[in-house]
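Here's the structure we're looking at; comments come further down.
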Amino acid sequence: MTIQDTQNTIVEEFELFGDWMERYEYIIELGKSLPLIDEQYKTDENLIRGCQSRVWLHASMQNDRVVFTADSDALITKGIIALLVRVLSNHKPDDIARAELWFIDRIGLKEHLSPTRSNGLLSMIKQMKMYGIALQASQF
Amino acid sequence: MAEVMDTDHRLSRNAEDLNRIRNMFPILSGTMNGKPLVFLDSAASSQKPFQVIEAMSHYYRFQHANIHRGIYQLSQQATEAFEQVRKKTAAWLNAGHAHEIIFTRGTTESINLVASSFGRKYFKTGDEILVSTLEHHSNIVPWQLIAEQTGAKLRVIPMLDNGEVDLDAYPRMLTGKVKMLALVHISNALGIIHPVKEMIAMAHSAGIPALIDGAQAAPHLQPDVRDLDADFYALSAHKMYGPTGVGVLYGKSHLLEAMPPYQGGGEMISQVSFEQTTFNELPFKFEAGTPDIAGVIGLGAAIDFLLEVGYENIAAHESDLLQYTTGQLLELDEVNIYGTSLQKASVISFDAKGTHPYDVGALLDKQGIAVRTGHHCTQPLMQHLGIPGTVRASFGIYNNREDADRMLEALKLALKMLR
């Protein structure tokens, strides 16, 4: 599935939910399916800055695709990063670097896009894209 | 703090008054995420009563002109209004002189002013600045900056498990090397009230001056700088029902006189030439540039508000709310409260086992409850406690038991979703 397709699917899934409770219960549930980062990569260097909770992110190349793994000690954060990984993982570095992540607003998580100190969603996206750029460069 | 009184009796007598006060805050009839707003983050910034908003609006509509400069009536009246607030602030704080009141941008700037100006003149290599474990970053970092420049260093007064300062360890730290005691009056993270008067007296016996961070104190108790014998006292208008962007530094005359200027520019000068410039007298020496005049007017209205409501009433009401909410919280499963001292004001920091404060705060937000989560600008304290942060509910004069009940209901639901 392309990055666009995945985003569309996610938006459809969230359309089933009436209120914030159902949406957040689903996000918390999604966190359980996050491909977990290996313990050895749970280091300070791999922490995403700008999150109130601790979020670790790791990326590696498999064939010509970037594969992300992550973890967080907060459940909502874990769910959100699970969504990001679902959208961006297993794609070419180039596609990741250029991706526009419009689904976040569409599923009612717009406040998580606010550049406050307390949520690191913007930092997570930035870090994932930087991996895209870095891994793209390392291909040449 | 308050005398022992029958709680229900006191409450029903005041319920009308409390409602009247609450209605003075237009924002509280609003919603958040589609639910009626329950604002429990006054420690971050308080809401503003009509009279403060109107005073500032009125100033801009009818009174504004630059101050201390013009010869025309409008300017003179604006100057008069501004200087009246200075006198009012001095009276409110029981300062000896109005010129001991410096208007700044807030507590943070006030502390930076002292750290920079006093520190640059008096701190030498090997000197020490004492701070408590509970300090807000604004009463740590300015001292770190000047320490780096001067070769001085910070030393931390230990904290007991209940959040109180270790009064056994403290006296032993008051050596000849210490050049400043920088101490918070009421902790924003835990609500702990430090025995400031006692600690200042002990510091003075050792010849050490004291700067008190009164940001959280001013909305809950009336600071009496001469009773405390504080050498410097810093506070922010926006924590005490006033506007953002303005604060106060109180300093004893002889100390402020001896300190070099902090910021240069207009207003703080006497004579300027390219060869040499002389400086203005107090308080203007430390008020460079055009101040936040409307903000100062707003501060004046906030002081009026506090004195009209009455600090005894504030203390009684908030003490009741604190006790009530603490009791309810402790009935929940595995909820841990930080700062269990009885000397506490208006703040409850807690976490719930098996949950992250961020998750709890996010789910409370969805239910219209505004609390603060995270390290509350007290990272060293959180490191000491070994936790990433807490959920913090803080009370103002406009909060009531219904607010507390709604937060608790919302919290129960959040915990159910997270556990």
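Bear in mind these aren't lab numbers, they're just calculated from the coordinates by the rules spelled out. Quantities reported herein were computed from a predicted structural model and do not represent experimental measurements. Here the Cβ is made from the backbone with ideal geometry for all residues, glycine too, and neighbour counts use every protein chain on show.
Taking a ≥ b ≥ c as the square roots of the Cα gyration tensor eigenvalues, segment B:205-263 comes out oblate, since a/c reaches at least 1.5 and a/b does not exceed b/c. Annotation: amide H-H contacts under 5 Å for B:Met32 (H modelled 1.01 Å from N, sequence separation of 5 or more, or interchain): B:Leu37. State whether segment B:298-419 is rounded, prolate or oblate according to the following rule on the C-alpha gyration tensor (a ≥ b ≥ c being the square roots of its eigenvalues): a/c under 1.5 gives rounded; otherwise a/b larger than b/c gives prolate, and the remaining case gives oblate. It is prolate, given that a/c is not under 1.5 and a/b is the larger ratio.
Give me B:Ser187, B:Ser57, B:Ser46, B:Ser341 sorted ascending by neighbouring Cβ count inside 10 Å, so fewest comes first. List each step's numbers first, then the result.
Values: B:Ser187 31, B:Ser57 13, B:Ser46 25, B:Ser341 17.
Ascending number of Cβ neighbours within 10 Å: B:Ser57, B:Ser341, B:Ser46, B:Ser187.
Expressed as a whole percent, how much of the Cα-Cα distance distribution for segment B:133-189 exceeds 13 Å?
Details: 1027 of 1596 pairs.
Across segment B:133-189, Cα pairs with separations above 13 Å total 64 percent.
Of B:Asp231, B:Asp304, A:Asp19, A:Asp73, the sequence from fewest to most neighbouring Cβ atoms within 10 angstrom is A:Asp19, A:Asp73, B:Asp304, B:Asp231. Segment B:55-109 and segment B:208-267 have Cα centres separated by 15 Å.
Comparing A:Gln40, A:Gln62, A:Gln52, which has the greatest mean-square fluctuation in the GNM of chain A with Cα pairs linked when under 10 Å apart? Among A:Gln40, A:Gln62, A:Gln52, the largest mean-square fluctuation in the Gaussian network model of chain A belongs to A:Gln40. Averaged over peptide B:361-367, the number of partner chain Cβ atoms lying within 10 Å of each residue's Cβ comes to 5. Only lysine pairs 8 or more places apart, or on different chains, with alpha-carbon atoms under 24 angstrom apart are counted in chain A, and they number 16. Working note: Cα gyration tensor of chain B, eigenvalues times five, square-rooted, sorted largest first, giving semi-axes of 36, 28, 18 Å. Across chain A, the mean sequence separation of Cα contacts (distance under 8 Å, 6 or more residues apart), normalised by length, yields a relative contact order of 28 percent. For the protein assembly as shown, the Kirkwood estimate of hydrodynamic radius, built from reciprocal distances between every pair of different alpha carbons, is 26.0 Å.
For segment B:141-146, 3J(HN,Hα) computed residue by residue from phi via the Karplus equation (6.51, -1.76, 1.60; θ = phi - 60°) reads 4, x, 6, 5, 5, 6 Hz, glycine and proline entered as x. Please enumerate, by chain and number, the lysines with C-alpha under 25 Å from the C-alpha of B:Lys153, excluding those fewer than 8 residues away in the same chain. Partners within reach: B:Lys121, B:Lys124, B:Lys177, B:Lys179, B:Lys197, B:Lys252.
Counting beta carbons within 10 Å around each of A:Trp102, A:Trp56 and listing the fewest first gives the order A:Trp102, A:Trp56. Annotation: aspartates and glutamates with alpha-carbon distance below 16 angstrom to B:Lys239 (same-chain offsets under eight excluded): B:Asp41, B:Glu109, B:Asp213, B:Asp304, B:Glu318.
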